[in-house]
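Below is one structure, written out as structure tokens; comments come after it.
Bear in mind these aren't lab numbers, they're just calculated from the coordinates by the rules spelled out. From a predicted model like this one, the values you see are computed outputs, not experimental measurements. Here the Cβ is made from the backbone with ideal geometry for all residues, glycine too, and neighbour counts use every protein chain on show.
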Amino acid sequence: METIVIFAAGKGTRMREMTASMPKSLIKIHNKPLLQYALESTLQHKFDRIIINIHYLSAQIEEFIQGFRISHPDFPEIILEYEPELLETGGAIKQLAKLYDLGEKIFTLNSDVIIQAKTNPFKALNDIWCSSHIDMLLLLESTKNACGYIGAGDFNLEVDRSINRNSNSPYPYMFAGMQILNPQKIAQNAKDIFSLKEYYPQIGSLSEILKVQGLPMEGNWYHATGPEDVTAIETHILSLNR
């Protein structure tokens, strides 16, 4: 089965008052929840199953998904997996690998990003995955094309798609919140609560364990880091549609 895991369990504390009574994935951009952007983006690929991990204010997400299923009756199967304790991204994958037959390849997508790539990012990632022997393939975005990003980049990208941090920051590319990975490799982690960042080159303690590559995207990328970013994102999207 083609499976994608959408991460929606976090508390989104940097959004301050906006997430005091609402999960971050339900914050609206142009009157549409971020989670709906994520779900609609999955139609670019033939997924059989969409698994969403939830924790913080999970009842609101359950209610949203109930309505979404009614208005999208032909949508792929959506499974909500509640985490009584936040497991972080890696721990979530490990837990899901125990509960479901995930095979050796799944997509993951952060629920708080909007990706408007010039080409189908799912197909681009999948084409490389099918022709390469790798364990994790990250979609990357140039920090210059990122709206709502406040970091100094994550990686350098080489011509062979390897990623590194061989120079001082700032780095030209950042993780765009979408990837393909082998869940069986992640499930081998001895810990139950851990981040997938542990496997990223020169970042985590397990950076030598898996073969990780990156694929740059062309287009626009949006992330609401703080409340002020919501207006900035809406303004930028409007400017593109004029």
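Note on the chain: with a GNM built from Cα contacts shorter than 10 Å, the maximum mean-square fluctuation among 182, 168, 120 falls on 168.
Here region 151-178 is scanned for amide nitrogen atoms under 20 Å from the site 7 Å beyond the Cα of residue 18 along Cα-to-Cβ, giving 151-152, 175-178.
Taking 160, 229, 192 in turn, the Gaussian network model of the chain (Cα-Cα springs below 10 Å) assigns the largest fluctuation to 160. One chain, two ends: residue 82 and residue 152. Fully extended at 0.36 nm per residue, the span grows by 21.9 nm beyond their Cα-Cα distance.
Shape class for the chain, computed from the alpha carbon gyration tensor (a ≥ b ≥ c): rounded, with a/c under 1.5. GNM remark for the chain: springs join alpha carbons under 10 Å apart, and the peak mean-square fluctuation among 29, 114, 54 falls on 29. Counting only DSSP beta bridges whose two residues both lie in the chain, roughly 50 percent are antiparallel. With the simple model of a label 7 Å out from the Cα in the direction of the Cβ, residue 99 to residue 133 spans 3.4 nm. Given R0 = 22 Å, the distance between the Cβ atoms of residue 169 and residue 195 translates into a calculated FRET efficiency of 0.70. The shape of region 1-54 comes out oblate: with a ≥ b ≥ c from the C-alpha gyration tensor, a/c is at least 1.5 while a/b does not beat b/c.
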